[in-house]
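Worksheet for the structure shown next.
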Amino acid sequence: MKIGILSKRTKMLAGKLKVFFENRGDEVTIYTDKNLILNENLFQNDFFILKSKKLFYLYAAFYLEANNIPIFPNPELTFRHKNRIEAHFMIKQAGLTAPDYYFGTFETLRKNKDKLNFPLLLKPIMSSGSRGIKIIKSLEDLPKDANQLIYLEEYLNGTHYDVYFIKDEICQLEKPPLSNEHVDMNKVALSDDVKEIIIKWKNTFNIPFGHLDMVREENTEKLYVVDPGNFPEFTNWKREGDFIVKIGNIILEQYNQLKI
C-alpha cells in the first residue's frame, strides 16, 4: 500500500509512523511544506494520514477527500479541533464544561469592558495547544489593530491536566499551566470524572485516540475541558506497550473502514 502523511515535520510521531508502516512493507511518503503540491500526483497514494492541523495540510486533506482518496483523521473534525470557537462547541456538544469566551475587535471588547472578567487568556483563533497564548490583565494588554478579531478565554486557577487516550487506555498527567505537551509531566492516578469525560468525548465524535487538556478549578473542583487534540505527539505517554504500534494498528483499521 502507498501511504502519504501530511505533516509539518518528517521526524517525531510522523517519522515513527513511517517506520512502522515501512516495516509492514508499505511505501510511505511524508508531505511537508517542502514537497506538498495540491495536484493529481497525490492520487498515486492509496491512503493519507492527516497529522498536522495547519491550514495548508487541511486544504490538502479536503482536496483529497473531494477526490475520494481515503484520509484519516476526518478533515472536517480536524478543522473543528483547530478552530477555537468550533472546539468550544464540540466540548459543549459532548455535554462537557468549557470556559467562557469573548470574541470581537478591540473596539467591541472596549465597549463591553464591564462584562470582561480579567485576567483572561488571549489565544490565536486558528490554533491548538499552548502556542501564542498570553495572559491578559487589562484592555491595555490587547492588540489595538482595528481590524483584528480577538479571542479571549476565561482564565482558570487550578490544577492542569493533559489526558491522552488510545481506545480504552487513558493516561492522566499533571502539567504546568499553559505549557505544551512536550514538557515533562507526572503521571497521576486516573480520576473517575476524568475517565467519564474521555468516554463522553470519544463516544460523541467516534475518536479512537487523542488528548484533552483539562483544568480542575481551584474553588469549585469542577473540571473544564480547555483544549482538545485529535493527533498529539504522545510525548508523555506513560503506559505499557508501544503506542506507535497501537496507533498504527488503529490507523489501519480506519483505512479498511474508509476503503469500504
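Throughout, read-outs are computed from the coordinates displayed, never taken from laboratory work. Everything numeric here is computed off the predicted structure, so don't read it as measured data. Virtual Cβ from ideal backbone geometry, glycine too; neighbours counted across all protein chains shown.
Placing unit charges on C-beta atoms (Lys and Arg positive, Asp and Glu negative, everything else neutral), compute the dipole magnitude of region 128-168 about its Cα centre in debye, rounded to 20.
Computed charge dipole of region 128-168: roughly 120 debye.
Rg and Dmax in Å for region 123-232, alpha carbons only: what are they?
Final numbers for Rg and Dmax: 15.3, 47 Å.
Report the relative contact order of region 9-136, percent, no decimals, based on alpha-carbon pairs under 8 angstrom and at least 6 residues apart.
15
In degrees, nearest 10, range 0 to 90: what is the angle between the Cα axis of helix 243-259 and the longest Cα principal axis of the chain?
With both axes taken from Cα atoms, the answer is about 70 degrees.
If you take the charge dipole of region 120-249 about its Cα centre, with +1 on Lys and Arg Cβ and -1 on Asp and Glu Cβ, which of Ser191, Gly158, Ile207 is farthest toward its positive end?
Ile207
Show me the GluC sites (Glu not before Pro) within region 102-167 that DSSP assigns to loop and that have at most 15 other Cβ atoms within 10 Å of their Cβ.
none
Rg(Cα) of the chain divided by 2.2 N^0.38 Å?
1.06
Does region 2-72 come out rounded, prolate or oblate by the C-alpha gyration tensor, with a ≥ b ≥ c the root eigenvalues, rounded set by a/c under 1.5 and, if not, prolate when a/b is larger than b/c and oblate if not?
Cα axes put region 2-72 in the oblate bin.
Which one of Met1, Tyr224, Pro176 has its Cα pushed farthest toward the positive end of the charge dipole of the chain, where Lys and Arg give +1 and Asp and Glu give -1 at the Cβ?
Farthest along the dipole direction, towards plus: Met1.
Could you give the size of the charge dipole of the chain about its Cα centre, using +1 on the Cβ of each K and R and -1 on the Cβ of each D and E, expressed in debye and rounded to the nearest 20?
460
What does the net charge come to around Leu116 if you take all other residues with beta carbon closer than 12 Å to its beta carbon, with K and R at +1 and D and E at -1?
My count for the surroundings of Leu116 gives 0.
Summing +1 for each Lys or Arg and -1 for each Asp or Glu, what net charge is found among the other residues whose Cβ lies under 9 Å from the Cβ of Val28?
Net charge in that neighbourhood comes out at -1.
Nearest 10 degrees, 0 to 90: what angle lies between the long axis of helix 192-205 and the longest principal axis of the chain (Cα atoms)?
The helix 192-205 is inclined about 60 degrees to the chain.
Counting helices only, and only those DSSP H runs with n ≥ 4, report the 222 nm mean residue ellipticity of the chain as the sum of -39,500 (n - 2.57) divided by its residues, in deg cm²/dmol to the nearest 500.
After summing the helix terms and dividing by residue count, I get -9500 deg cm²/dmol.
Quick one: check the C-alpha center-to-center distance for region 43-100 versus region 186-230, whole angstrom.
20
Considering only the chain, what is the antiparallel percent among its DSSP beta bridges, to the nearest 5?
Of those bridges, close to 75 percent are antiparallel.
Quick one: putting +1 on the C-beta of Lys and Arg, -1 on the C-beta of Asp and Glu, what dipole do you get for region 26-176 around its Cα centre, in Debye to the nearest 20?
Using only the charged Cβ atoms, the result is roughly 680 debye.
Which whole-number percentage describes the relative contact order of region 101-154, with Cα contacts under 8 Å and a sequence gap of 6 or more?
So the answer I get is 55 percent.
Find, among the trypsin sites (Lys or Arg not before Pro) in region 107-173, those assigned to loop by DSSP (not H, G, I, E, B) with at most 14 other beta-carbon atoms within 10 angstrom.
Answer in residue order: Arg131, Lys137, Lys144, Lys167.
Remind me, relative contact order of region 102-210 in percent, using alpha carbon pairs under 8 angstrom and six or more residues apart?
That works out to 23 percent.
Given the peptides 43-55, 20-32, 228-240, arrange them by the average over their residues of other C-beta atoms within 10 Å, most packed first.
43-55, 228-240, 20-32
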